[in-house]
Amino acid sequence: MENGTLQIITKGYWPLPGFVKVWMGEWQDLKEKSRAENGKTITCAAGGQLKSARMIILEAEITKALPKKIIATVGKTYPRRFVLSRWMGGIYANVDGRRLGQLRAFYDAIAPIYKYHVEPERAGQLAAFVPFIPPGSKVLDASAGDCTFARVAQEHGRGLEVWCNDISKEMLGLRTAHIPASHLSVGSASRLKFEAGTFDAVVHTFSNIHTLDKKFFSSFYRVLRPGGILLYHPVKAPGEQWPKNFEEKVRVAMRKAGFMHIERRAVESLGKKKKTTLVVYLADK
């Protein structure tokens, strides 16, 4: 298959960073060749299976907030055009979050570079949610990623037994050694594999706003025991706007799933350097 070029363009007002790697089935290094004077176009050396690429991921050399979308054109003879939406600090991809296979492939691919690109104060932010859970509870982190919440919960000594579910096996593989493999489950948060009434609490933190899909909340409701609690913390990518009437839509989706008592709280993170206010929705079964 041909070798070609990777042209990266943005219509935003910020200059593009240097990009160091591209994924089109496997990671390969990029060597920057030229940059437009206005900082909005970069042309890099690229190769690989350009014609058959279905998903493309770019890794930037910095992790700060960048334009919401950029456009990547790959190849000269067989050009392919991708619109890349930012998923997390310094990583762009053309992933459709509604396609389970694409979502899994994306997180499996970025697992080796995940630690560098996440918010450095994430552990302190997640620690702010721990006091809401009764001591001794059996807890499911429904989209656990690298299981940071489970580690933080253990460190707080409240006797919480945390199980980690994530769509990506590679992300779960990033966990610390003292989180046993027996407490891991690979699968979609909307199709949890656990029996009904298994958990005292479910947490779904730093989740994308597409979780307004009622299947997520129905899945959480099913695996909770009577009287169990749900902690739902939604986030949006930089540059995105909250959907109109977002709070009411959250409440409607929760009620349709069966949750009747819903409370919205503002929580201060326990980060050592960066103090942030986090929004969490609390609901009980």
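Every number in this text was worked out from the coordinates using simple rules, so none of it is lab data. Keep in mind that this is a model prediction, so the values were computed, not measured. Cβ placement follows ideal geometry from the backbone for every residue including glycine, while neighbour counts extend to all protein chains displayed.
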Just to be sure I understand the model, the point goes 7 Å from the Cα along the line to the Cβ. What's the resulting residue 263 to residue 208 distance in nm?
3.1
Considering the chain as a Gaussian network with a 10 Å cut-off on Cα pairs, which listed residue, 246, 206, 259, attains the greatest mean-square fluctuation?
246
Distance (nanometres) between label positions extended 7 Å along Cα→Cβ at residue 35 and residue 186
3.9
Which residue, 27, 242, 87, has the most motion in a Gaussian network model of the chain that connects Cα atoms within less than 10 Å?
242
Can you work out ³J(HN,Hα) from phi for every residue in region 84-92, in order, using Karplus 6.51 cos²θ - 1.76 cosθ + 1.60 and θ = phi - 60°, giving whole Hz and x for Gly and Pro?
10, 9, 6, 9, 7, x, x, 10, 10
Got a sec? Which residues in region 77-98 would a label at residue 11 touch, if it sits 7 Å along Cα→Cβ and we count backbone N under 17 Å?
81-86
Picking from 205, 73, 148, which is most flexible by a Gaussian network model of the chain using Cα springs under 10 Å?
73
Too-long pairs where the Cα-Cα distance tops 29 Å, listed order kept, from 193/275; 193/249; 215/244:
193/275
Using a Förster radius of 35 Å, what is the FRET efficiency between residue 196 and residue 247 based on their Cβ-Cβ separation? Nearest 0.05, please.
0.80
Let me check the size of the chain from its C-alpha atoms; what are the radius of gyration and Dmax in Å?
20.2, 62
Cross-link reach from residue 76 to aspartates and glutamates, straight Cα distance under 18 Å and at least 8 residues apart if same chain, gives 2, 32
With labels modelled as points extended 7 Å from the Cα through the Cβ direction, what inter-label distance (nm, one decimal) is found for residue 256 paired with residue 156?
3.1
Divide the volume of the convex hull of the Cα atoms of region 115-270 by its number of residues and quote the answer in cubic angstrom per residue.
116
